[in-house]
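This report concerns only the one structure given below.
Computed from the coordinates by the stated procedures, all read-outs in this text should not be read as laboratory data. Small disclaimer: the values here were computed from a predicted structure and weren't measured. Ideal geometry is used to build each Cβ from the backbone, glycine not excepted, and the neighbour counts take in all protein chains shown.
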Amino acid sequence: MCLAVEGQNFNSVRKGLFAPRDFGRYMISDLTSPVTKLQLGICDNGADYNTDPLRDAKRIVVEEITLGMDLPLYTGSFRLAQDRYRYSVATSLSSVIWFDFLNKKSSPVLNVNYRIGFPEIYIRREFNYKYLKNMLLRVVLLQHESTHIGDELTLYRKDAGFPITRINVSYESGEASLTFNDPGRQRNNNHSVAIGGKLLYKNDITDGYYTMQSWEGDENYFVPSWRRVECYLRYQYDGPASRLRIGRFYPVFSAELRECIRYGYSYYEADPKSSTGFREIKGVEEYVPCINVYAGFQDRGISRRTGRIGAYLHYYSGINPHGQFRNIPHYSFIALALVYQN
């Protein structure tokens, strides 16, 4: 969602039940944001998810589709002494589909992530200083994520004899972040910085982020997770007044550095010399720095109430971000991305 144009009358902001929120916009590099994206790119090939044993290329072409929705439930504003505040309560839904569509055997869906956040609370204080226009606090009291690998991949892993066929990644967490210069549809160039973190809620100390049933794999290979916190730092530049602007399109650069938790069970690499065709790499739960970068151009929109489309070059490096494959420590993805934001 978007920040109102600078100079907008504070009292003219739309308020009430289901009123659109014109602040608290997600940065494009946010790894878990419910922003709709269509991405086509190349990623590292891996024995864990390469269902075609004859395809031995180091990198493969994949598609990532994110379908997201951010629904404001109530939006309002208030004054405290001379300070101006806006607030909103919302919920979000998103699904990320990782799709190996050029695989000649079956074009399998590799993984699907589902996320829901409720309630998401936004409180923004207006400053309008020279270098600090506002400050935004975002708190997500409950965020649920569950992930599932595709049917073809499940059969492939079982037939290949992997000790672990499927991991049930399903958990609840909370999240909080603080953003300086909340980005939006301002007329001037804007530099935004956000810092935040996610805390895992544990119903059972033995569960963590994931579980496994006996029929899903050899329990001797299962390693439960115990780390609970992930932290991140984000930066975004929006340049509607930049010299690089082309008509309605202006440059955007967005980057996130996140300390992701690598899951601790083993993963596999192709090995032609092995009788199984792969070799096991022992896993270890650890923090891995992950970087997520978008650079491109975004349409400023016909009006403040219309959605915007941007075209970006996307680069990611870190753990594999998809579901049970978060045990793979070295993964990179380079793609062309179309991004739609309300």
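Before moving on, here are some points about what is shown:
- Distances between placed amide hydrogens fall under 5 Å for residue 176 paired with 140, 197, all partners being 5 or more residues away or on another chain.
- Dipole of segment 10-341, positive end: most advanced residue of 322, 134, 235 [Cβ charges, Cα centre]: 134
- Size descriptors for the chain (Cα atoms only): Rg and Dmax, in that order, 21.5, 74 Å.
- Positive minus negative residues near residue 113 (Lys, Arg vs Asp, Glu; Cβ under 12 Å): 0
- For the chain, relative contact order (Cα pairs under 8 Å, six or more residues apart, normalised by length) works out to 16 percent.
- Exposure proxy ranking, count of Cβ atoms within 10 Å, fewest first, for 28, 167: 167, 28
- For residue 134, the residues whose amide H sits under 5 Å from its own are 127, 128, 181, 182, ignoring neighbours fewer than 5 places away on the same chain, with H placed 1.01 Å from N.
- A simple packing score, the average count of other Cβ atoms within 10 Å per residue, orders the peptides 111-118, 126-133, 266-273 as 111-118, 266-273, 126-133, with the highest score first.
- Only DSSP H runs of four or more residues enter the estimate; each adds -39500 (n - 2.57), and after division by the residues of the chain the mean residue ellipticity at 222 nm equals -1000 deg cm²/dmol.
- Among 38-51, 150-163, 72-85, the order from most to least packed when residues are scored by Cβ within 10 Å on average: 38-51, 150-163, 72-85
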